[in-house]
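Trainee: Structure provided below as structure tokens; questions to follow.
The values are calculated or read from the model by the stated rules, or taken from the named source; none is laboratory data. All values reported here derive from a predicted model rather than from experimental measurement. So basically every Cβ, Gly included, is an ideal-geometry build from the backbone, and we count neighbours across all protein chains shown. Accessible surface areas use protein heavy atoms only, side chains included; no ligands, DNA or RNA. Shrake-Rupley method; radii C 1.70, N 1.55, O 1.52, S 1.80 Å.
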Amino acid sequence: TLLQAGLALQEAYSTASPETYICHVPVAMDATCSGLQHLSALTRDEVGGTYTNLVDSSTDQKADIYTQVGSMADTLKNNFTNDVVIQDYWKDKPVSRKMAKPPVMTYVYGSTLLSTMDTIQTDMTDAGLEVIRDDDGNILYSIQSLAVPIAKALRYGVENTVPRCANLMAYLQKITRKYKEQHLQWITPVGVPVVNWSEGRVTKRVWIKSMGVAAILVSYNDGKYNVRKATNGVVPNFVHSLDAAHLCMTINEFGGQVVPIHDSFGTHPCDVPEMHKALRSTFVELYSNYSIEDLLQFNNIDTEEYPVPEQGKLDIQSVHTSRFMFC
């Protein structure tokens, strides 16, 4: 993208009137961890809103949730293991922003402790970190065992950086499990119906005994509502539907040419300020008129038995003046 912009600038300067040159290189504006942005707005999470730039930082430096989570995990990593050997191993190895980014980005979309461990192990291998061996070369501590406390620390870091988001995610999963005789449904703010339906899978062995193959495995949906899979999918489905609603609202409001990838909007350089204004104004409109109660009422959820998590104090109007909400 930088090369394209440089070539366009060179081409503009080569003309007699550079100021009249029309540039077609799209300039993209990306959300700051869009899933957590949406949940922070929905729950009025002032902590999550700060670190996802829904609130202006009052400086020329945007807030960085990945650095924040990595720093918290690095400070607390020794709390997640009593093994002095592992503690000593990590003593001079800080938890980096690179380590923190995948678990933060995927937290809303169903990441687990195991998947976080997998990404940490990959990072450790890429960085050339070694396992711990004895004098004979036998492995005493594998990469996996060394990654466990870091993965736990990162999960803790995410949940404490966006506390109200974490509470709402647990709440949505809880009501999905409790209302197992029905599947959650909702209408998005732009009128699109969503059904949180997940089916189970059936796997059968088929004996064929042909061309050297004795049997094959055939897997297919069983057509029955699977509560476990629906529970795992409810938060990603809900957040994606809100994300999609914001995209539709922005395109309708802006009216210009847009190259969108759900949380990234590209347009002509001269139209970036107007698009940024549309991104912020539609986001405020969305969360000024939509709340978690809309979903609960649509599904007849008993909020006395299952009280809605307490809202935070984030002023959604602050998004209007946040320079780095999309940048």
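Trainee: Just to be sure I understand: if I project the alpha-carbon convex hull of region 98-244 onto a plane and average over all orientations, what area do I get in nm²? Walk me through the intermediate numbers first.
Mentor: Details: hull surface 59.3 nm².
So the mean shadow area of the Cα hull is 14.8 nm².
Trainee: Spin-label point model (7 Å from Cα, Cβ direction): what's the Ile187 to Asp136 distance in nm?
Mentor: Modelled inter-label distance: 7.2 nm.
Trainee: Can you give the relative contact order of region 257-327 as a percent, counting alpha carbon pairs under 8 Å and 6+ residues apart? Could the numbers behind the result be given before it?
Mentor: Details: 27 pairs, mean separation 24.6, N = 71.
In percent, rounded to a whole number, it is 35.
Trainee: Still on this model: If we restrict to alpha carbons, what Rg and Dmax does the chain come to, in Å?
Mentor: 24.0, 76
Trainee: To the nearest 0.05, how large is the calculated FRET efficiency for Lys180 and Lys98 if R₀ is 41 Å and r is the Cβ-Cβ distance? Write down the numbers at each step before the final one.
Mentor: Numbers: r = 40 Å, r/R0 = 0.97.
That gives a FRET efficiency of 0.55.
Trainee: Efficiency by 1/(1 + (r/R0)^6): what FRET value for Val195 and Ser14, r their Cβ-Cβ distance, R0 = 45 Å, to the nearest 0.05?
Mentor: Numbers: r = 56 Å, r/R0 = 1.23.
Efficiency at R0 = 45 Å is approximately 0.20.
Trainee: Which residue, Gly200, Phe265, Gly6, has the largest displacement toward the positive end of the dipole of the chain when charges sit on each Cβ (Lys, Arg +1; Asp, Glu -1)?
Mentor: Looking along the dipole axis, the top candidate is Gly200.
Trainee: Loop-only trypsin sites (Lys or Arg not before Pro) in region 163-245, please: DSSP not H, G, I, E or B, and at most 14 other Cβ atoms within 10 Å. Don't skip to the answer; put the middle values down first.
Mentor: Working: sites: Arg164, Lys174, Arg177, Lys178, Lys180, Arg201, Lys204, Arg205, Lys209, Lys224, Arg228, Lys229; in loops: Lys180.
Of the trypsin sites (Lys or Arg not before Pro), the ones in loops of region 163-245 whose Cβ has at most 14 other Cβ atoms within 10 Å are Lys180.
Trainee: Determine the per residue accessible area of region 61-190 with all protein chains present and a 1.4 angstrom probe, expressed in square angstrom. Numbers along the way, then the final one.
Mentor: On the way: 6710 Å² over 130 residues.
Solvent-accessible surface per residue comes out at 52 Å².
Trainee: Another question, if that's okay. With a Förster radius of 25 Å, plug the Cβ-Cβ distance of Asn299 and Asn252 into 1/(1 + (r/R0)^6) and report the FRET value to the nearest 0.05.
Mentor: Efficiency computed from Cβ-Cβ geometry: 0.35.
Trainee: So if I average 1/r over every pair of distinct C-alpha atoms in region 194-304 and take the inverse, what Kirkwood radius in Å does that give? Please report the intermediate quantities before stating the final value.
Mentor: Values: mean 1/r = 0.0553 Å⁻¹.
Hydrodynamic radius (Kirkwood, Cα pairs) of region 194-304 is 18.1 Å.
Trainee: For region 58-146, which chymotrypsin sites (Phe, Trp or Tyr not before Pro) are both in a DSSP coil and crowded by at most 15 other Cβ atoms within 10 Å?
Mentor: On the way: sites: Tyr66, Phe80, Tyr89, Trp90, Tyr107, Tyr109, Tyr141; in loops: Trp90, Tyr107, Tyr109.
Here the sparse-neighbourhood loop sites are Tyr109.
Trainee: Relative contact order of region 111-260: what whole-number percent is it, with Cα pairs under 8 angstrom and at least 6 residues apart? Before the final figure, lay out the partial values.
Mentor: Working: 140 pairs, mean separation 25.8, N = 150.
Relative contact order for region 111-260 comes out at 17 percent.
Trainee: Further, regarding this structure: Just want to confirm a number: the relative contact order over the chain, from Cα pairs under 8 angstrom separated by 6+ residues, in percent. Write out the running numbers ahead of the final one.
Mentor: Values: 456 pairs, mean separation 90.1, N = 327.
Relative contact order for the chain comes out at 28 percent.
Trainee: Sticking with this structure for a sec: Please work out the Cα convex hull volume for region 70-117 and give it in Å³ per residue. Before the final figure, lay out each step's value.
Mentor: Numbers: hull volume 3.9 nm³, N = 48.
Spelled out: Cα convex hull of region 70-117, divided by residues, is 81 Å³.
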